[in-house]
Amino acid sequence: MTPTLYVVAYFAAVNVIAFLMMGLDKWLATRGKRRIPETTLLLPGVLGGVPGVVAGMLSFSHKTRKTSFKLAVAGVMIVNMLIAYLFLSRSK
C-alpha cells in the first residue's frame, strides 16, 4: 500500500468511528443509560474525524441544540484545518 492510501484509510476509519460514537451516544441517551462524555465524543474529531462528528450530529439529531458542543466541534475543525495547512505548505 502507498503512503497516500494509508492516510486515506486512517481518515476514513476515524470518521466512521466518530459517526458511530455519535449514534451510540444518541442510542444510550434515548434509553436513559450512561452516556459517552463529550470529551470522548470530541476525541475522534481531534484526530481528524470532524466530518464524522458533524455527520453523526446531523444524522442522529444529536447534540445539535448544545451550543457549547457545536462551538467545540467548530474549534476542533479550525485547529485541524490549520494543522493541515501547515503540513501541506511545508511539504512543497
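Just so it is clear, none of the values below were taken in a lab; they were calculated from the coordinates. It should be emphasised that the depicted structure is a prediction, and the values quoted were computed from it without experimental measurement. Cβ sites come from the backbone with ideal geometry, for glycine too, and all protein chains shown count toward neighbours.
Here the chain is assigned +1 on the Cβ of each Lys and Arg and -1 on the Cβ of each Asp and Glu. Its dipole about the Cα centre then comes out at about 300 debye. For the chain, find the longest principal axis of its Cα atoms and tell me its angle to the long axis of helix 3-30, 0 to 90°, nearest 10. Between helix and principal axis, roughly 10 degrees.
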